[in-house]
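Notes to accompany the following structure.
Nothing in this text is a laboratory measurement; each read-out follows from the coordinates by a stated rule. Because the structure is predicted, anything quoted here is derived from the model rather than measured. Cβ placement follows ideal geometry from the backbone for every residue including glycine, while neighbour counts extend to all protein chains displayed.
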Amino acid sequence: MLTKKNTREKLLLAFLTLIATVAKAQEFGGNPPSIKWRQVNTRAAKVIFPAGMDSIGSRVANIVNQMNPLVQPTIGYKQKQISILLQNQTTVSNAYVGLAPFRSEFYLTPDQNSFEIGTLPWADQLAIHEYRHVQQFNNFNVGLSKALKFVFGESGQAFGNDLAIPNWFYEGDAVFNETHVSGRGRGRLPYFFNGYRALWDAGKNYSWMKLRNGSFVDFIPDWYPMGYMQVAYGREKYGEDFWKNVTHDAAAYRSLFFPMQSAIKRYSGQSFKQFTQAGFDHFKLIYSKDEHAADTSPYKSEEYPFFVDDNTLIYVKSTYKVPAQFTIRCNGIDKKIITRAISIDSYFDYAAGKIVYAANRPDLRWGYRDYNELRLLDINTGKETTITRRTKYFSPSLSDDGKRVVAVEVDPGGANQLQILDTEGNLITTVPNRENLFYTYPKFFNNSQLIAPVRDTQGKMSLALVDIATGRLKYLLPFSFQPVAFPRVHGDMVYFSATSGINDRLFAVNIVTGKLYTTKQSGLNKYQATVTDNKIAWVEFTATGYKIRQADDTAVKWTELPDNHIPGGLSAFNVSNLSRDSAANLLPAIASNPLPVTRYNKGYHFFNFHSLVPDFSDPNYTVTLEGENILNTFQSEILFNYNRNEGYKEFGFDGAYGALFPWIIAGFNYTLDRRAFYHNTNIYWNESDIHGGVQVPLNFSSGRNITGLTLASTLHFTSTSFQQQLQKIFDQSYSYLSNTVIFSNHIQQARQNIYPRFGESITFNYKRSISSLTANQTLINGTLFLPGLATNHNLLINLAHQQSGSDNVISFSNDFPFSRGYTAENLHQLDKFGADYHFPIAYPDAGIANTLYFMRIRGDLFFDATRARYFISRTTTASADFKSVGGTLYFDTKWFNQQSLTFGVRYSHLLNADMFGNAGPNVLEIVLPVSFL
């Protein structure tokens, strides 16, 4: 989004969080200009994709177009075409549909974990799931939501819809559609229900508000399974029209307060509390034989255990206080090896004293491009090296002697293959993929053969013995839609997990004889087995995270399965509605109709104004008409801004073009009633500004650090008009350059960390007149993040300096972080030292009337000291101190069980006089950063 602030250099700050992150979301200017875009245009969707991906683009278009009319009866018949972008440069498996602007993006790299997402071909699954969101948005444009769209554009509808209809419905309904239409999907996967099953198993009966909003202390599943259970129960109990009627009334605000709850009561006859409890009970009964586990320990997740010997395990541990770390457990005592580098999952492999895993690294410039690079860690020396660069490897595994690595390589074209490398990262060979399979979690069986779960083009899975030289396969299991993952080799046996009805269970197959075995198992689902001659260990998901379980091998009774089939199939989890109507199991009937592929014009709808957005971020109060093209390469805005610090009003237009290596930024703004302190009094003027420049956003994130650097230079041509008595002195036109450097670096944060334990951020801005007038201003603002006395405490040190030239005839805007509590002025020289100590106070996990939920209360004690020099005449300066101490009480909350908002109450005690305001020594302020819509 473009900046709402008074100077264009602040545009840089708006994008800083996008620059220094590996999280995947909408990325401005994220694709290199070398990508040539193609499109398939149908009534339901315009599918846009890189050249060479015609078959995937056509497949997505066919699914959407043919599925759409058959599933409309359960949500509504309104239709508006959406643009769907297929992104193939990222390693992340994800997608979204959004309003403002109305578009969708699919990230096409499939996930390795078939338990988590299922066995559907990834593009098929995205088309089914995400297009349901399109249908939702199309049909929720009614009543008050429609009125908000009329006034505020697409952001208005998004605001109205989000307040009325919770995110659990959006995702639950989409997962139901995915499961219903495909005959597979997450609604048939035991893994999908792990979180709630674990809570029920432990007897943790959290309130609805806690389940909705989450916790900084306790594990809470996300809203996907919650939503699926409620949607499935509603359709099962009240019919296929139930949710169409409920959501129509909710989006229209037929009941102004709690519209969703009221609509559910209207069509079900149950109160919202009764309905949601019945929805949970419908599924909870499936697990009625599970035994409750009395585990009151804090959240600690243990994943991917490996036996070093019978008494020693290596695994990945993560808590809400510390990021994921490799850990060695010897005789029950844990010792940290090293913090894991930033990764998209927790998977790793161990052999011969070495750990190998894939760490994620973003591209230096392009936000939609990132890499999975292999890292090798020697646990004895602690030395870690990156052995591949700019690669897209997944699920690497070491040979028994630790000298070779096998990994799944996925290229942007969608090809999937196994590659063998040495531990220096040199490619030894690529295993031929003759049958176009999707490989997951490969393991060495011997020097010439591999073991890997595989998925075919229909989404059926098996476990395969792969010849490295020829790529020839021996299938150890019949192909089925049941997920298979996490193989471990021990001797002639391969231990793995597979879906069997309502459970994910442990199995073993003998490579030599081909015989399949399982063991009698009760309780929670089991994954990631590791074996010695005497012991076996695995992980189970519990209410406090994944936990390692161990048993003597002699105590585990393995039973041969006579037909060599994984029993149980996929379960419907007591939802008979999945097999009803003409849309049930529709996917196999989707025809591959030939569709014309044409060039997509990168300039299409370049000025795509979609929303009128108010943004109240003190001291700026802004209303902006925002625009963004579908490729997200051009953003534009027309704005009105009021700045409380100076009292000025600003009108302007700004645009940013991000498809080139430097962003191109340009715009115009006109400002009324600018204010400055001159000769011991305030003076006022109007100002027009035309500006243009370049910006280079660079992402140096790697390893354990998230690092961003932005370089920018903007040329401004400004004309001023002062109050009458000063016109002869100051009325002039002038040009100046604004040069900015923004650097940010910090280590990973855990869930409870308020700030990173180590980090720094520095902003440098230098403005200088390049016309006949003399003027310059330098601003340096830096913050150092340090650990406090406890894990979740932080000490922040802030140093800032701002200075204007002594003979300036131009007053540049004031971005100096003045001491809190004082009325700030734009003075000749400002120097500041600030110290903040942040700490948590309480984690209430409590709410009020399904409206306001308190997740955390935290405090900040601060000391600010600003020394100012200013002119009291043309040649005479004076100095003053502005020191304050105080504290802020912050409340981390969620509103309406969905929207995060932090607000606070700040007390400042002024140690010096407030020279430019009327504040007394004690100042009380509300800290409320709010961005509406």
> Where does the charge balance sit around ASN167 when Lys and Arg score +1, Asp and Glu -1, over other residues with C-beta under 15 Å from its C-beta?
Replying inline: -2
>> Quick check on my link table: of LYS80/LYS284; LYS204/LYS894; LYS204/LYS443; LYS335/LYS535; LYS46/LYS149, which ones sit more than 27 Å apart, alpha carbon to alpha carbon?
In response: LYS80/LYS284; LYS204/LYS443
>> Calculate log10 I(q)/I(0) of segment 849-927 for q = 0.16 Å⁻¹, where I(q) comes from the Debye formula with a single equal point scatterer on each Cα and nothing for solvent.
In response: -0.72
>> Compute the helix-to-body angle for 272-284: its Cα long axis versus the longest principal axis of the chain, expressed 0 to 90° and rounded to tens.
In response: 30 degrees
>> Under the √(5λ) rule applied to the eigenvalues of the Cα gyration tensor, what semi-axes describe the equivalent ellipsoid of segment 485-572? Give them in Å, descending.
In response: 20, 18, 11
> Mind listing which trypsin sites (Lys or Arg not before Pro) in segment 522-562 are in a DSSP loop and have 12 or fewer other Cβ atoms within 10 Å?
Replying inline: LYS557
> Which angle from 0 to 90°, rounded to the nearest 10, does the C-alpha axis of helix 54-71 make with the longest principal axis of the chain?
Replying inline: 90 degrees
>> How large is the Kirkwood hydrodynamic radius of segment 668-791, counting all unique pairs of alpha carbons, in Å?
In response: 17.7 Å
> What do you get for Rg/Rh over segment 605-666 if you use C-alpha atoms and the Kirkwood form of Rh?
Replying inline: 1.05
> Tell me, how many Å apart are the Cα centres for segment 610-634 and for segment 459-499?
Replying inline: 51 Å
> If you put +1 on each Lys and Arg Cβ and -1 on each Asp and Glu Cβ, how big is the dipole of the chain around its Cα centre, in Debye rounded to 20?
Replying inline: 700 debye
> Among the aspartates and glutamates, which have Cα under 12 Å from the Cα of LYS244 when same-chain residues fewer than 8 positions away are ignored?
Replying inline: ASP173
> For LYS146, which aspartates and glutamates qualify as cross-link partners when the Cα separation must be under 16 Å and same-chain residues fewer than eight apart are set aside?
Replying inline: GLU154, ASP162, ASP249
> Out of PHE159, ALA583, TYR843, whose Cα points farthest toward the positive end of the dipole of the chain (charges: +1 Lys, Arg; -1 Asp, Glu; placed on Cβ)?
Replying inline: ALA583
>> What is the ratio of the Cα radius of gyration of segment 663-718 to 2.2 N^0.38 Å, with N the residue count, to two decimals?
In response: 1.77
> Got a sec? Charge dipole of the chain, +1 on Cβ for Lys and Arg, -1 for Asp and Glu; which of TRP37, GLY425, PHE348 is way out at the positive end?
Replying inline: TRP37
>> Per-residue counts of other Cβ atoms within 10 Å, averaged by peptide: what ranking do you get for 108-116, 795-803, 701-709, highest first?
In response: 108-116, 701-709, 795-803
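If each DSSP helix of 4+ residues adds -39,500 (n - 2.57) and the sum is divided by the residues in the chain, what number results at 222 nm, nearest 500 deg cm²/dmol? Present the calculation step by step, with values, prior to reporting the outcome.
Values: 15 runs with 152 residues, N = 933.
Dividing the helical sum by the residues of the chain leaves -5000 deg cm²/dmol.
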>> Taking 2.2 N^0.38 Å as the expected size of a compact globular protein, what ratio does the Cα radius of gyration of segment 202-274 give against it, to two decimals?
In response: 1.22
>> What does DSSP give for the chain in terms of the percent of beta bridges that are antiparallel, rounded to the nearest 5?
In response: 95 percent
> Hey, what angle do you get for helix 122-139 against the long axis of the chain, alpha-carbon based, 0 to 90 degrees rounded to 10?
Replying inline: 50 degrees
>> Over all directions, the average projected area of the alpha-carbon convex hull for segment 617-731 comes to how many nm²?
In response: 10.1 nm²
